[in-house]
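Novice: Before anything else, here's the structure in question.
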Amino acid sequence: MLETLRSTQREWVESTQLTDVERAALRNRLRDLANDLPVAETVVFADEPISEANFDRFLVDLGDGEKELSRRLTRAALSRAGL
């Protein structure tokens, strides 16, 4: 999904030739993707492509979020099991 965001954001940066309707549709796609990921709209709607450093940071943030969710679910399961 993050790779989809990056490629769609690149389309946004290069969308100077699109019609207003096409650009609005692209904006909505980007907004939906950004809402599903921990990425600020200021980064998504920037005038330059997402940098490698930002992309790497987003990957780390997603991985950290998954680990935290896993720990939380494990603690809840252990608690329910009385352990």
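The numbers here are math on the coordinates, done by the rules we state, and not lab data. Worth saying up front: this structure is predicted, and the values here are computed from it rather than measured. Backbone-built Cβ (ideal geometry, glycine too); neighbour counts: all protein chains shown.
Novice: All but one of (1) β-branched (V, I, T); (2) part of a helix (DSSP H, G or I); (3) surrounded by 11 or more Cβ atoms within 10 Å (Cβ to Cβ) hold for I50, so report the exception by its number.
Specialist: (2)
Novice: How many residues, within the range 30-47, are over 13 Å from V13 (Cα atoms), in a helix (DSSP H, G or I) and either among the aromatic types (F, W, Y) or in contact (Cβ under 8 Å) with a residue 24 or more places away in the chain (or both)?
Specialist: 3
Novice: Sort through S70, S51, S79 and tell me the only one that's among the polar types (S, T, N, Q) and under 23 Å from E14 (Cβ atoms).
Specialist: One residue alone meets the criteria, S51.
Novice: Across the range 1-23, what is the total count of residues that are without any contact (Cβ under 8 Å) to a residue 24 or more places away in the chain, farther than 23 Å from V60 by Cβ and either loosely packed, with under 11 Cβ neighbours inside 10 Å or of a type in the set (F, W, Y) (or both)?
Specialist: So the answer is 6.
Novice: Are any residues in the range 53-83 touching a residue at least 12 places away in the same chain (Cβ under 8 Å) and not in a helix (DSSP H, G or I), and if so, which ones?
Specialist: none
Novice: Among the residues of the range 27-42 satisfying the criterion of being surrounded by 15 or more Cβ atoms within 10 Å (Cβ to Cβ) and closer than 12 Å to L2 by Cβ, which is nearest to the chain's Cα centre (by Cα)?
Specialist: The selected residue is L37.
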